[in-house]
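Laboratory data are not the source of any read-out in this text; all were calculated from the coordinates shown. Every value quoted in this text rests on a predicted model; they were computed, and no experiment measured them. Every residue, glycine among them, receives a Cβ derived from its backbone with ideal geometry; neighbour counts consider all protein chains shown.
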Amino acid sequence: MDIRKVIEKIYNEVKPMFGRGKVADYIPALAEVNPRQYGIAVASIDGESFGLGDCRTKFSIQSISKVFTLAMVMRHLGEELWESVGREPSGTPFNSLVQLEYEHGIPRNPFINAGALVVTDRLMNLYERPKDSILQFIRENADCDDIYFDRNIARSELETSSRNMALGYFMKSFGNIDHDMDKLIDVYCNQCSVAMTCEELAKSFLFLANHGENPFTGERILSVSKAKRLNSLMLTCGFYDESGDFAFRVGLPGKSGVGGGVVAIIPGKLSIAVWSPELDSHGNSCMGIETLERFTTDIGTSIF
Ligand code: GLU
């Protein structure tokens, strides 16, 4: 099957669908992004890659960064990590506070904001210069040095971070956050602001499509077992309270961000990144999910 042809067909079918969602506006700098942008990039573990549309435009990866920080922490920590963050779908919005109280400050999973804050807090214990290390990790996996924090987005998110602060302080009251909240939120907002293209993003996820090993350098990023776990978490929790629907429609492990990016992998084969900033009511890219659903349907391949 010629995957490039399939992607071209899907791109042409989905492109007229602008207008179904709206850009995230709770972070003011994200509200300024032109909604009518759409890019797709595919990278395979044997080194082929191609892209279409706005696949070379940088955008803010937002919650997709939670996959990188989790991988960085999982490299160092074993079972003890799962004492402070769960691995069940939350069924609640990404920034929800409700479960935290009756679950004693232990977030449901590492991909809702509360869970990601715990992961970043642990990362700050493990890496002396956490922000530099996050960039370095992403750059190495994307094989690209031109990946940076978007200062404008980071500042805008920092200025409007009351909800994330509340999540952090609440967990701190249960003893589940070690660091000073200002420092933690600074690292978290910067990791969310990372600017990447679809091409870079597709490449940077290949270690997860390749059972934990970077296919280009041969470096083992995660053990086979840890890569399995991270992919399982993406399948069950990668799309907030739309995770079940994403699994139903697409059948792949993946992760989205409110910047409009979506990445998914087919284990042993490839990684695909789609970006289009118009979001549905759950905070996931409308055209991103539509593209991936058509992709697994048309190529007749998913993880099932
Ligand atoms: N920076 C965003 C926040 O914390 C990330 C949310 C997302 O992409 O889902 O609100």
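Of the strands (runs of 3 or more DSSP E) contained entirely in the stretch 225-289, those carrying at least 3 residues that are among the hydrophobic types (A, V, I, L, M, F, W, C) fall at 261-266, 270-275. In the stretch 36-115, counting only helices (runs of 4 or more DSSP H) that sit wholly within it, the ones holding 3 or more residues that are aliphatic (A, V, I, L, M) and at negative phi span 65-76. Looking at the structure I just gave you, is S162 within 16 Å of the ligand (Cβ to nearest atom) and either surrounded by 16 or more Cβ atoms within 10 Å (Cβ to Cβ) or among the charged types (D, E, K, R) (or both)? So S162 fails the test. When the residues of the stretch 125-141 are filtered to those that are buried (at least 22 other Cβ atoms within 10 Å of the Cβ) and in contact (Cβ under 8 Å) with a residue 60 or more places away in the chain, the one that is nearest to the chain's Cα centre (by Cα) is I138.
The single condition among (1) buried (at least 22 other Cβ atoms within 10 Å of the Cβ); (2) of a type in the set (A, V, I, L, M, F, W, C); (3) in contact with a Pro (Cβ under 7 Å, 6 or more places away or on another chain) that M72 does not satisfy is (3). Count of the stretch 254-282 residues, restricted to those that are more than 14 Å from R20 (Cβ to Cβ) and out of contact with any Cys (no Cβ under 7 Å at 6 or more places or on another chain), is 18.
Only one of the listed residues (S243, S225) is surrounded by fewer than 24 Cβ atoms within 10 Å (Cβ to Cβ), at negative phi and hydroxyl-bearing (S, T, Y). That residue is S225.
State whether one or more residues within the stretch 23-39 are of a type in the set (A, V, I, L, M, F, W, C) and away from the ligand (no atom under 16 Å from the Cβ). For the stretch 23-39, residues of a type in the set (A, V, I, L, M, F, W, C) and away from the ligand (no atom under 16 Å from the Cβ): absent. Condition first: surrounded by fewer than 21 Cβ atoms within 10 Å (Cβ to Cβ), under 21 Å from S49 (Cα atoms) and within 16 Å of the ligand (Cβ to nearest atom). Now tell me which residues in the stretch 261-304 satisfy that. The answer is none; no residue qualifies.
Residues in the stretch 108-118 that are surrounded by 24 or more Cβ atoms within 10 Å (Cβ to Cβ) and either of a type in the set (A, V, I, L, M) or away from the ligand (no atom under 13 Å from the Cβ) (or both): I112, A114, A116, L117, V118. The set of residues in the stretch 173-200 being touching a residue at least 40 places away in the same chain (Cβ under 8 Å), more than 30 Å from C144 (Cβ to Cβ) and not β-branched (V, I, T) consists of S173, F174, G175, N176, D178.
Results for (1) closer than 30 Å to Y102 by Cα; (2) surrounded by fewer than 20 Cβ atoms within 10 Å (Cβ to Cβ); (3) of a type outside the set (G, A, S), shown as yes or no for each residue.
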{"site": "G168", "(1), (2), (3)": "yes, no, no"}
{"site": "K172", "(1), (2), (3)": "yes, yes, yes"}
{"site": "D178", "(1), (2), (3)": "yes, yes, yes"}
{"site": "Y188", "(1), (2), (3)": "yes, no, yes"}
{"site": "Q191", "(1), (2), (3)": "yes, no, yes"}
{"site": "C198", "(1), (2), (3)": "no, no, yes"}
{"site": "A209", "(1), (2), (3)": "no, no, no"}
{"site": "G212", "(1), (2), (3)": "no, no, no"}
